[in-house]
Amino acid sequence: MSSQPSLPANFVDRLFARFAAIYGSQKVGTMFADMDAESIAEAKALWGRQLGRFEAASIGGALQRLIDGGVGWPPTLPEFVELCRQAAVGRQQAQRYDALPAPGNARTDAETAKRKVAELMRSLAAAKRMPIE
């Protein structure tokens, strides 16, 4: 059985501090209202283990989705894990396009284009695939 990385306790504490900043301490407090200190520590440890599989940027993206989505209450662990997963997928898709020029910036001048076409024609002719015209 492989060991899954876990977030440090201080990272999880900062996450819940962010929840309090976003939703207010009263709403975050209801998440733990019927729990004693030991149960709260266990819950935070579980959050740390489950979120340890995500990069910090994906967790940050999930926080931003909460704010942007106008969600009125702090998420449950499964809800937040899903937001992190969505943020991670979005980051992976965005990275695929990093190598492409921005739309509208892929233009070249006519002389450069003619030179590239001529080079291509010469290389094809050298390979005896197409005669030079």
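The values are calculated or read from the model by the stated rules, or taken from the named source; none is laboratory data. It should be emphasised that the depicted structure is a prediction, and the values quoted were computed from it without experimental measurement. Here the Cβ is made from the backbone with ideal geometry for all residues, glycine too, and neighbour counts use every protein chain on show.
Looking at region 22-36, is at least one residue under 27 Å from GLY90 (Cα atoms) and of a type outside the set (S, T, N, Q)?
To start, the set of residues in region 22-36 that are under 27 Å from GLY90 (Cα atoms) comprises 22-23.
Those still in the list that are of a type outside the set (S, T, N, Q) too: 22-23.
Yes, region 22-36 contains a residue that is under 27 Å from GLY90 (Cα atoms) and of a type outside the set (S, T, N, Q).
Being outside any helix (DSSP H, G or I), out of contact with any Cys (no Cβ under 9 Å at 6 or more places or on another chain) and modelled with pLDDT of 70 or more holds for only one residue in VAL89, VAL71, VAL81, VAL117, and it is VAL71.
Looking at region 34-67, which of its residues are of a type in the set (Ser, Thr, Tyr) and closer than 21 Å to ILE22 by Cβ? Once the filter is applied, which keeps residues that are of a type in the set (Ser, Thr, Tyr) and closer than 21 Å to ILE22 by Cβ, region 34-67 yields only SER58.
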